[in-house]
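Engineer: Structure in structure tokens, see below.
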Amino acid sequence: MRLHLKTLAALNETHDGLILGIGANQCLNAAAAQLDESLDGAIARIVQQSGFEGKTGQILNIYQVPGIQAPWLILVGTGQQGELTPAQWVKMVQSAYKSAADLKLNTVVLGILDPSPQSLNPIEAFTLASRTLRECTYHFSTYKSQPVATHTPKDMTLVVQDKSLLTNFKQALHWTEAVAEGTALCRQLGNLPGNVCTPAYLSEQAQQLSKLSKKVKIKVLGEAQLEKMGAGAFMAVSRGSNEEGRLVLIEYRGAPNQKGTSVALIGKGITFDSGGISIKPAAGMDEMKFDMCGAATVMGVMRSLIRADLPLNVVGVLACAENMPSGNATRPGDIVSTLSGKTVEILNTDAEGRLVLCDALTYTQQQYHPDIMIDIATLTGACVVALGKVTSGLFSTDDALADELLEAGRLSQDHAWRLPLATDYQELLDSPAADMANIGGPTAGAITAACFLSRFVEGTRWAHLDIAGTAWLSGPKKGATGRPVPLLTEFLKRQIHA
Ligand code: BES
Ligand code: MN
Ligand code: ZN
């Protein structure tokens, strides 16, 4: 699908479909009103006679309206005037896309950009709308042996009311394409099954990224190197699997004149989490193929950075391993030494994410000395209990960094919610035998996991995103969401001027 931008004149061009926004109380949006004038009130009459209520996302398809070039006129509801929220905005755009796809239209003009939510400026709102359209086109059909019957329109043209914004919108569209490409990559990697998407597969995918730009370098550490350097926590997870674990490093130098690394992104890449010897129950265990969505997010963000050619130095770190039970697997009660030198008593082998991440955090600091470190992990079921599938859990010892991430979440409609990291929780990780245990008991599970990670951060600005709830959907819509690629790309874009 191609996305285009045009001025109001496009309303009178020939296309398969024309989509216009109608608010509550039969209020025509700017594009509809403009066209209505030249049609002697025909659109207003349709709205009135059909009793169209204009509820957010509501759809009315009308075939062949005299005077309108396109055979299909589609009305989409935009709700109460002045009350349109960003979430409703997304819903409205999704409905508009779906109606066009359901009617199998190929060329569609959308006069829906005005009104937009008051809490976003016109460019932010446009960016969100265009990204939403782009994301509607992703389907996971890699393993369907027969073609899937989903129609994707070929050309969608967004009508811009205010001509003076056209240049800004064109730039925004460029950014949208970059973010959407990264989000799609994240979803695709997440959706691939554990027998395909192994640590080796993820490292090959990283190699593919380096082919896109000279600014990208890839390094891969295998188990022999990790063992030798003393990454005992990482190895404790990976040793039970026949798949070799990997630490994958994606170095992007978009600002070669700036010294060092400004941001490091560290992703949990457990390509399947059986729980290990502390094995998980059978029901729903298949969803643990998504336990590498943190790593997929990092890969997606790096892809977006490359595509947008962002002038920043960012390193992506993927901590990739499979968590399996076997005769060689870690036992509950085993004590291991981490790369930092701190020792950990592994009381539950299912709390493996923090084990691969703690060594990845130490390695990242020693090797890159980044200004900011952000780890992204499907870390705890407790986070899903606390926040559901709506917001990602955000933890940080740095208030300014936390606020910037929350704001990036708001602008991209990829929300996070901050949870506490108070020192009072730290004692739950006490172990009589080692420096700490890898679990903190039945309460505050998302927080104790974050506390565990915080012990491996030495003076670097750091934040942790627990995406256990937001990285994928369950049930009939089961699949990776691509979150939090939009949040993180927005955050990085805003770092350029910071
Ligand atoms: N990958 C899981 C977390 C998870 C569970 C994400 C369910 C999404 C849905 C993680 O490795 C895990 O198993 N965590 C344990 C930790 C516990 C043993 C302290 C959990 O949350 O139950
Ligand atoms: Mn686990
Ligand atoms: Zn896990």
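Engineer: Name the residues in region 131-170 that are part of a helix (DSSP H, G or I) and within 21 Å of ALA9 (Cα to Cα), would you?
Structural biologist: Selection gives LYS163, SER164, LEU165, LEU166, THR167, ASN168, PHE169, LYS170.
Engineer: Looking only at region 280-296, how many residues end up being near ligand 2 (Cβ under 10 Å from one of its atoms) and out of contact with any Phe, Trp or Tyr (no Cβ under 8 Å at 6 or more places or on another chain)?
Structural biologist: Of the residues in that region, 1 qualify.
Engineer: Do you know which of the residues in region 327-340 that are over 25 Å from ALA468 (Cβ atoms) and touching a Gly at 6+ places or on another chain (Cβ under 8 Å) is nearest to ligand 2 (Cβ to nearest atom)?
Structural biologist: Per the stated criteria, the residue is ASN328.
Engineer: What residue, of GLU181, GLU177, GLU135, is surrounded by fewer than 18 Cβ atoms within 10 Å (Cβ to Cβ) and either among the acidic types (Asp, Glu) or free of Cβ contacts under 8 Å to residues at least 24 places away in the same chain (or both)?
Structural biologist: None of the others qualify; the one that does is GLU177.
Engineer: Follow-up question, since we're still on this one. Would you be able to say whether some residue in region 415-437 is within 16 Å of ligand 2 (Cβ to nearest atom) and in contact with a helix residue (DSSP H, G or I) (Cβ under 7 Å, 6 or more places away or on another chain)?
Structural biologist: Among the residues of region 415-437, at least one is within 16 Å of ligand 2 (Cβ to nearest atom) and in contact with a helix residue (DSSP H, G or I) (Cβ under 7 Å, 6 or more places away or on another chain), which makes the answer yes.
Engineer: Sticking with this structure for a sec: With region 379-498 as the region, which strands (runs of 3 or more DSSP E) entirely inside it contain at least 3 residues that are under 30 Å from SER337 (Cα atoms) and either over 19 Å from the mean Cα position of the chain (by Cα) or at pLDDT 95 or above (or both)?
Structural biologist: 392-396, 461-466
Engineer: If we keep just the residues of region 89-123 that are of a type in the set (D, E, K, R) and either touching a helix residue (DSSP H, G or I) at 6+ places or on another chain (Cβ under 6 Å) or part of a loop (DSSP other than H, G, I, E, B) (or both), which is modelled with the highest pLDDT?
Structural biologist: LYS104
Engineer: Now, a different point. Please give the number of the condition ILE335 fails out of (1) in a strand (DSSP E or B); (2) more than 16 Å from ligand 3 (Cβ to nearest atom); (3) crowded, with 23+ Cβ neighbours inside 10 Å.
Structural biologist: (3)
Engineer: A further question follows. Looking only at residues in region 276-332 that are within 20 Å of the chain's Cα centre (by Cα) and β-branched (Val, Ile, Thr), which one is surrounded by the most Cβ atoms within 10 Å (Cβ to Cβ)?
Structural biologist: Applying the filter and picking the extreme gives THR297.
Engineer: Does ILE266 satisfy being in contact (Cβ under 8 Å) with a residue 12 or more places away in the chain and either within 11 Å of ligand 1 (Cβ to nearest atom) or of a type in the set (Asp, Glu) (or both)?
Structural biologist: no
Engineer: Six or more apart or on different chains, Cβ atoms under 7 Å: show the pairs whose first residue is in region 280-291 and of a type in the set (Asp, Glu) and whose second is surrounded by 16 or more Cβ atoms within 10 Å (Cβ to Cβ) and in a loop (DSSP other than H, G, I, E, B).
Structural biologist: Partner pairs satisfying both residue conditions: ASP291/THR378.
Engineer: Can I ask one more? Hey, among the residues in region 353-378 that are in a strand (DSSP E or B) and crowded, with 24+ Cβ neighbours inside 10 Å, which one's nearest to ligand 3 (Cβ to nearest atom)?
Structural biologist: Looking at the filtered set, the residue picked out is ALA377.
The values are calculated or read from the model by the stated rules, or taken from the named source; none is laboratory data. Since the structure is predicted, the reported quantities are computational estimates derived from the model, not experimental observations. Cβ coordinates were reconstructed from backbone atoms using ideal geometry, including for glycine residues, and neighbour counts include every protein chain displayed.
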